[in-house]
Amino acid sequence: MGKNKISRRNFIRNTSFAGSGLVIGLNFLESCVGEVTVNTEFKKPLVTSENVFHQDGANSITDFLQIRSDGKIFVSLTKYEMGQGVSTGLSAIIAEELEADWSKINIRYAGPIKDVANITGGSTSILSHWDLLRKAGAFAKNLLIGAAAKEWSVYVDECIAKKSVVQLLGTDKKLDYGQLAEKVVVPENYRELFDETPLKYRSKFTLVGNSLESKIIPDIVTGKHPYSIDLKLPGMKYAAVARCPVFMGSLENYDDSVAIDIPGVEKVVPVKGVVLDDATHVRDGIAVIANTTWAAFKGKEAVIAEWNLGEKAKIDSDDFVKNCYGLLESEQGREILVDGPIEKVEGHDKTISHTYEFPYQHHACMEPLNATAQYRTDSCEIWVGTQSADKIMGNVEKHFGIPKEKIKVNCHPSGGGFGLRYSSAYALEALIVSEAAGGDLVKMCYSREDDIKFDYLNPFELNKHTVQIKKGRIMGWNLKNVMDNWGGLSAWLYYDIPNRSANEIKVKGFTQMGAWRSVMANAEGFSTECFIDEVAFELKRDPLEFRLSMLPANKMLPVNHRFECDLGRLRGALILAAKKAGWGEKLPSGSGKGIAAYPYMHGNGYGAAVTDVSIKEGVISVDKVTIAVDCGLVVNPNLVKQQMEGGIIWALSAIFYGGTEYKDGVVQRNNFHDNKVLTINEIPEIEVHICKNDESKPWGVGEIAGPVTYASVCNAIFDATGDRIRKLPIGKVLLNK
């Protein structure tokens, strides 16, 4: 990107300092971001223009960072808030370099930005924005200092900024940011100044590295947090859709004579399903349009539909699983990792091989899926909580033929995401309903039961690990994977073993698939770390010592990812978790400890966990999970702790209550009563420890906890009972002892 892409006129327009204070616009940052972001995987600019936002007296339409004359500072998010705390983390980064008073930082939820990958996921938000936000904050601070220096007729290096106040050194002269915001003068060489803006040393941080209060909690607890399900617009109608119960089935006929007579029901219209890509399937259905959600739901229940259920109605999940086991033992498969094939191991004296089964998983977000949409033939508008606004715009353009510049997507925070809101299907469905209803502005809501029945499931996986042993050492390691046709095998084979290889077989499944928290790392982490435990046991080695013997402190290992695995960081997490959990201590009868380590390479983060379990009258109790995490430079320890706790609780839910079943192509689970998540009385003591490191930037943290929790719990159960767990879920009373 050329340094002079943005003109001074555009800069003035988007770096406004009249009326409402200092406003730094998005397209100014676009002109700088090419050099600011150093990660090669993020080649597109992180922010551009066209980020429309009119609210609370703001006079700029591109107010990425706004400092008002009353001293309040507003940061517009360029990432999606779904409860993971990204709004607090990102604003802390910019506030640090801005030298802002943290109490004066406010969050705004920006809409999608055109021509940019508006995707939130993979534990990449903080790491991808670190450099940009620091530069933006430091640049704004320097503008404010410059304004103060001019006011006092002194040099800028005679002034210092701290907690939203600029002070003249050696005097009691002070001006706060609100007083200075309208006095900012933009120098001609602003572009060069941005590039040359010095950043703080890590030792000078006052916000980054400290536990800060969440910026969104007050709004959540007072009901002000703008979830999309709370949206109300003038003239808005409500929609509920009766969908075909079998994936890829079709609507034959329907009778709406009872539904249309329900008070509040205004229209009943058929919905023609579409398949646009692997994660965008809108089923055939019947939409009921009403003046309340309740009336729409009652109308949906009253509709009588006749479906052609199609071929997938012949499938039961048990038969599908049996077929997958058959494929696993076949010669099929695509080689995705070759670092010395296992066949090269000569003279090995032992082969160990085991297979691990990870089931389909529901998302079960607290806020059911919903989207509000209005179709206008040549344009449209959508209000939605989404992890992927660009996918919505792309699929709307593909299906309706509406160009992106005529599509407006208003992004709202959501009550959970876990990868489900990476799909754009529900937003597209709402727009299809609006079109079918003649262009009505409709808010389409899933019921809780709809959310379960029509979920985009985390795919089923089988992972078969095979190692060749020679003189007590693993000399070759192969991973063979069978999974539903979504995503792909990660194959992060991270132990330092001479020969590593991996093969995958994709199977055409019978329902829609999608991302889930930690995605494929869950199944691979569960299988890998349970398997390594089994190998250690067969070789009569301590599980911790055995792992450490394959994790040299100073080695980077290619693991089929853009980041190489830092075995030293993984080793450090393992040692810290073991130390804090008292690994090696004698346990009472009926108790066990399990250990596991895993690198989450999308975020280049590393985790290890030790779990304590006890077995009482055949019932498994997880008593404590001690986790250590290395996520680089930590922005907010509180958020790291919360991410670990949330990931552990979610993984425990999947271990004991997860999975799902299909009969005749229809999902058999319905709501939280048969798709349970952990209740508060089941939550164990959780201890989180953060590894000290010299990393100069933060890495991903959101998806580290899951993989190590699955494996450490199952390894602990083996330690307590001698029973190996190779299939999830297990249920709380699996053992019956």
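Here is how the numbers come out for the structure above:
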read-out	value
Qualifying residue in segment 642-650 (condition: more than 15 Å from Asp719 (Cα to Cα), among the charged types (D, E, K, R) and over 18 Å from the mean Cα position of the chain (by Cα))	no
Qualifying residue in segment 152-160 (condition: surrounded by 14 or more Cβ atoms within 10 Å (Cβ to Cβ) and touching a residue at least 40 places away in the same chain (Cβ under 8 Å))	no
Some residue of segment 713-735 being over 25 Å from Ser123 (Cβ atoms), of a type outside the set (Ser, Thr, Tyr), in a loop (DSSP other than H, G, I, E, B) and out of contact with any helix residue (DSSP H, G or I) (no Cβ under 9 Å at 6 or more places or on another chain)	yes
Search result, residues across segment 155-190 that are hydroxyl-bearing (Ser, Thr, Tyr) and over 41 Å from the mean Cα position of the chain (by Cα)	Tyr155, Thr171
Close pairs (9 angstrom Cβ cut-off, 6 or more residues apart or separate chains): surrounded by fewer than 12 Cβ atoms within 10 Å (Cβ to Cβ) in segment 215-244, assigned to a helix (DSSP H, G or I) and of a type outside the set (A, V, I, L, M, F, W, C) anywhere	Gly223/Asp230; Lys224/Pro218
Test: Ile220 is closer than 30 Å to Glu97 by Cβ and of a type in the set (A, V, I, L, M)	yes
Cβ pairs under 7 Å, 6+ apart, first in segment 164-187 and open to solvent by less than 20 Å² (accessible area, probe 1.4 Å), second of a type in the set (Asp, Glu)	Ser164/Asp101; Ser164/Asp176; Leu168/Glu158; Gly178/Asp70
Test: residue in segment 194-208 that is touching a residue at least 24 places away in the same chain (Cβ under 8 Å), acidic (Asp, Glu) and closer than 29 Å to Val288 by Cα	no
Selection count where residues are within 29 Å of Gln84 (Cβ to Cβ), aliphatic (A, V, I, L, M) and in a loop (DSSP other than H, G, I, E, B), scope segment 467-518	4
Residues (open to solvent by 10 Å² or more (accessible area, probe 1.4 Å) and either within 13 Å of Ser228 (Cα to Cα) or in a loop (DSSP other than H, G, I, E, B) (or both)) located in segment 446-462	Tyr446, Ser447, Phe454, Tyr456
Residue match in segment 304-314 (condition: outside any helix (DSSP H, G or I), of a type in the set (A, V, I, L, M, F, W, C) and without any contact (Cβ under 8 Å) to a residue 60 or more places away in the chain)	yes
Set Ala581, Ala597, Ala573, Ala536: member being in contact with an Asp or Glu (Cβ under 8 Å, 6 or more places away or on another chain) and closer than 22 Å to Leu489 by Cα	Ala597
Hits in segment 71-94 (condition: aromatic (Phe, Trp, Tyr) and in a loop (DSSP other than H, G, I, E, B))	Tyr80
Residue ranges of strands (runs of 3 or more DSSP E) in segment 315-375 with at least 3 members open to solvent by less than 40 Å² (accessible area, probe 1.4 Å) and farther than 21 Å from Glu661 by Cα	370-375
Among (1) farther than 28 Å from Gln332 by Cα; (2) crowded, with 24+ Cβ neighbours inside 10 Å; (3) touching a strand residue (DSSP E or B) at 6+ places or on another chain (Cβ under 7 Å), the one test that Trp516 misses	(1)
Lone qualifier among Ala148, Ala95, Ala110, Ala136 - being open to solvent by less than 20 Å² (accessible area, probe 1.4 Å), under 21 Å from Lys183 (Cα atoms) and at pLDDT below 90	Ala136
Count of segment 533-554 residues which are free of Cβ contacts under 8 Å to residues at least 60 places away in the same chain and open to solvent by less than 40 Å² (accessible area, probe 1.4 Å)	6
Hits in segment 485-530 (condition: in contact with a His (Cβ under 8 Å, 6 or more places away or on another chain) and over 23 Å from Asn604 (Cα atoms))	Gln512
Per-region count, segment 257-294, residues among the aliphatic types (A, V, I, L, M), open to solvent by less than 60 Å² (accessible area, probe 1.4 Å) and part of a strand (DSSP E or B)	12
Pick from segment 384-409, criterion open to solvent by less than 30 Å² (accessible area, probe 1.4 Å) and assigned to a strand (DSSP E or B), ranking: nearest to Ser228 (Cα to Cα)	Val384
Matching entry among Lys692, Lys663 (being without any contact (Cβ under 8 Å) to a residue 12 or more places away in the chain, out of contact with any Leu (no Cβ under 7 Å at 6 or more places or on another chain) and not aliphatic (A, V, I, L, M))	Lys692
Residue in segment 418-464 that is farthest from the chain's Cα centre (by Cα), counting only those that are within 30 Å of Tyr325 (Cβ to Cβ) and hydroxyl-bearing (Ser, Thr, Tyr)	Tyr456
Residue count, segment 410-426 (criterion: touching a residue at least 60 places away in the same chain (Cβ under 8 Å) and either assigned to a helix (DSSP H, G or I) or of a type outside the set (Gly, Ala, Ser) (or both))	9
Number of the exception - Gly488 against (1) open to solvent by 10 Å² or more (accessible area, probe 1.4 Å); (2) within 26 Å of Ile704 (Cβ to Cβ); (3) in contact with a helix residue (DSSP H, G or I) (Cβ under 8 Å, 6 or more places away or on another chain); (4) of a type outside the set (Asp, Glu)	(3)
Test: Val666 is modelled with pLDDT of 95 or more, hydrophobic (A, V, I, L, M, F, W, C) and surrounded by fewer than 21 Cβ atoms within 10 Å (Cβ to Cβ)	yes
Complete set of residues in segment 201-214 that are out of contact with any Lys or Arg (no Cβ under 9 Å at 6 or more places or on another chain), open to solvent by 40 Å² or more (accessible area, probe 1.4 Å) and part of a loop (DSSP other than H, G, I, E, B)	Tyr201, Asn210, Glu213
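Residue-wise test of (1) surrounded by fewer than 22 Cβ atoms within 10 Å (Cβ to Cβ); (2) modelled with pLDDT of 95 or more; (3) of a type in the set (D, E, K, R).
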position: Pro637; (1), (2), (3): yes, yes, no
position: Ile655; (1), (2), (3): no, yes, no
position: His689; (1), (2), (3): yes, yes, no
position: Ser696; (1), (2), (3): yes, no, no
position: Tyr710; (1), (2), (3): no, yes, no
position: Asn715; (1), (2), (3): no, yes, no
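The values are calculated or read from the model by the stated rules, or taken from the named source; none is laboratory data. All of these numbers come straight from a predicted model, not from anything done at the bench. Here the Cβ is made from the backbone with ideal geometry for all residues, glycine too, and neighbour counts use every protein chain on show. Surface areas here come from the heavy atoms of the whole protein model, side chains and all, with no ligands, DNA or RNA. Shrake-Rupley method; radii C 1.70, N 1.55, O 1.52, S 1.80 Å.
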